[in-house]
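Contents: one structure, followed by commentary.
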Amino acid sequence: MKEKALCNFDLVGGRVVDPYSGMDRVKDLFVRDGIIYSSIPEGKPAEQTFNIKDHIILPGLLDLRVHNRVPGDAQSENIQSLTKAAAKGGFSSILAMPNTTPHSDNPGTIRYIQDRIKQASKIKVHLTGCLTIGSKGIALAPLGSLKEAGVVAVTDCPHSVGDNQIFTNALKYAKMFGLKIIEYPQDPSLSKDGQAHESPLSLKMGLTGNPRMAEELSVQRAITVSRHLEVPIHISSLTSLESVNLVKEAKRLGVKISTDVSAHHLLLTEEAISEYKTQAKTTPPLREEIDRLALIEGLNDGTIDSCNSSHEPFAEHLKQVEFDLAPGGVIGLETTLMTVIEALGDNDPFPKIAEKMSTNPHKILGLDPPSLKAGNLADFVVIDPVKKWIYNTESGMSLSKNSPLDGHKFIGKPILTVSGGKIAWCEDSSLLD
């Protein structure tokens, strides 16, 4: 793939929202050779000028849960389609989970993925490695070797270690190597074979239930282990009211945990599967309205630190089967930002979105958050906050179409994504390749 050139353009009239850097005002930005300037640099004319009055500029967004299908299932998603979808959705960075085929539990697989990223990626892709071999929860993965290979975190997502001793030892070793631990909170003995949220609806539909308790026991374990070992743990993809309460109390007591929520859990409930719609079969499952409202409240009050897409692509033939045979997981890279805007329901959600989707995710991984101050490498998204549009999976960048939001009407849309000083996505297609 041809190497893209660094940006040389002016952004005129937009509102810059960057709480981390203390900026929230209408301000022109001038980008030359991928670097942000506060005024036009002498002798460096712009190649393009974007008049973005009434638009929003946010620092680069980072998605903390994206499922990569390379190696193993490139027909469902490859690196190019994955990162195109992310860029179109406004993300300049993503964190890829390790459930590839083979699993990302060894340096060889990590290096293979890194090579594919160098060849095809539109944005920055951070990698995780498995916490245990094959994410089976039986034997520890070679965490030191994975760290040397370049992973920034370890996790068995979308699985969780069932054995408490193995889980505790894994966290001790991860701490030794300075690796971030991400826990996907599902007690495997209680959530095994769960097809939907355990409720009267799942009983009526004849589906095996996945109870809230499966998540809440796992959340409590993470809190207890973090407190005793003084190991920071990031808990991914909360879904239940009581999980939010557990985390809120733990944070009050100073336990070193952080959390995120999948965007579709902020907007949808279990009713989305009521007609056996496999496109709404997720991991973890969609729950009830009381849970959805608790997640939004947790996001607003600081209990929940971040939002992710939980992007899990599956080829159409895998999803177009009986509900109990279909894999759980939905795509979301192209809709997450707008879903969060809608779920917050705020007249001005953008400062909070900058915090939850840019500043906090970077801090959770121990990375420097991108800044819109002069002198920094350009890494941002420009949003038209009043653009009305209908999401259509057929016109999306992902190779897979398993979205429960196909046909949903959104307000607000990313029109320009810049990652590492280069244009990754632009509504003006002439600026892409």
Evaluate the following for ILE290: is it touching a helix residue (DSSP H, G or I) at 6+ places or on another chain (Cβ under 6 Å), surrounded by fewer than 19 Cβ atoms within 10 Å (Cβ to Cβ), β-branched (Val, Ile, Thr) and assigned by TED's automatic domain parsing to the domain that holds ASN245?
-> yes
Can you find even one residue in the range 211-218 that is touching a strand residue (DSSP E or B) at 6+ places or on another chain (Cβ under 6 Å) and assigned by TED's automatic domain parsing to the domain that holds THR278?
-> no
Quick one: in the range 200-225, which of the residues that are small (Gly, Ala, Ser) and either within 23 Å of the chain's Cα centre (by Cα) or surrounded by fewer than 17 Cβ atoms within 10 Å (Cβ to Cβ) (or both) is farthest from LEU131 (Cα to Cα)?
-> GLY206
Would you mention how many residues in the range 333-353 are under 14 Å from the mean Cα position of the chain (by Cα) and closer than 18 Å to ILE57 by Cα?
-> 8
Residue ID - surrounded by the fewest Cβ atoms within 10 Å (Cβ to Cβ), chosen from residues in the range 130-153 that are touching a residue at least 40 places away in the same chain (Cβ under 8 Å) and closer than 23 Å to ASP187 by Cβ | GLY137
Counting only helices (runs of 4 or more DSSP H) entirely within the range 328-369, those with at least 3 residues that are at positive phi and surrounded by fewer than 21 Cβ atoms within 10 Å (Cβ to Cβ) are none
Looking only at helices (runs of 4 or more DSSP H) that fall completely inside the range 170-275, which ones have 3 or more residues that are in contact with a helix residue (DSSP H, G or I) (Cβ under 7 Å, 6 or more places away or on another chain) and without any contact (Cβ under 8 Å) to a residue 60 or more places away in the chain?
-> 212-229, 241-252
Can you give me the ranges of the strands (runs of 3 or more DSSP E) entirely in the range 39-121 with at least 1 residues that are buried (at least 24 other Cβ atoms within 10 Å of the Cβ)?
-> 56-59, 61-67, 91-97
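Let's see how each residue does on (1) of a type in the set (Gly, Ala, Ser); (2) within 19 Å of CYS426 (Cβ to Cβ); (3) touching a Phe, Trp or Tyr at 6+ places or on another chain (Cβ under 6 Å):
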site: GLY14; (1), (2), (3): yes, yes, no
site: ARG25; (1), (2), (3): no, no, no
site: LEU29; (1), (2), (3): no, yes, no
site: ASP33; (1), (2), (3): no, yes, no
site: ILE36; (1), (2), (3): no, yes, no
site: SER39; (1), (2), (3): yes, no, no
site: LYS44; (1), (2), (3): no, no, no
site: ASN51; (1), (2), (3): no, yes, no
site: HIS67; (1), (2), (3): no, no, no
Within the range 278-293, is there a residue that is β-branched (Val, Ile, Thr) and in a loop (DSSP other than H, G, I, E, B)?
-> yes
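The values are calculated or read from the model by the stated rules, or taken from the named source; none is laboratory data. Model, not experiment: these values are computed from the prediction. For neighbour counting, all protein chains shown are included, and Cβ atoms are generated from backbone atoms with ideal geometry for every residue, glycine included.
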